[in-house]
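Below: the structure, in structure tokens.
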């Protein structure tokens with residue numbers, strides 16, 4: 001009499017639904033990550049070959065294609081930009097201003113903002129788009 005066959009247990013875990021769960025999680029995170037947009041002002045930034053990410057708390061100064069100025073997404077005029085920026089950097093230890101200037105504008109608007117930053121003695125960094133690497 002062979003009783004050992006009856007006592008032999010086989011452990012089996014069904015993992016077929018795990019693929020579906022992982023697919024839906026991946027799809028969810030892809031959709032959510034495309035909706036997150038830190039800069040809501042649509043600009044065509046100039047291209048650069050090398051890019052460096054700024055990790056500090058920054059102040060954004062943007063100028064769109066129409067020439068409208070924005071200080072951290074708040075519209076300001078060119079005349080009030082300096083005072084608004086001075087109020088915004090008051091109390092900060094080492095403020096960094098990120099310039100987001102549309103590539104279709106002339107350089108004079110950029111130079112005007114750089115002069116304001118020079119007078120206020122703040123560090124200014126120009127935002128660019130990473131250039132698409134060509135096939136070699």
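Here, each number is a calculation from the coordinates, and none is a lab measurement. Computed from a predicted structure; not experimentally measured.
Descriptive notes on the structure:
- Hull-based mean projected area of the stretch 83-124, where the convex hull spans the alpha carbons, in square nanometres: 3.0 nm²
- Contour minus Cα-Cα distance for residue 107 and residue 77 (0.36 nm per residue): 9.0 nm
- Shape category assigned to the stretch 47-130 from the gyration tensor of Cα positions, a/c cut at 1.5: oblate
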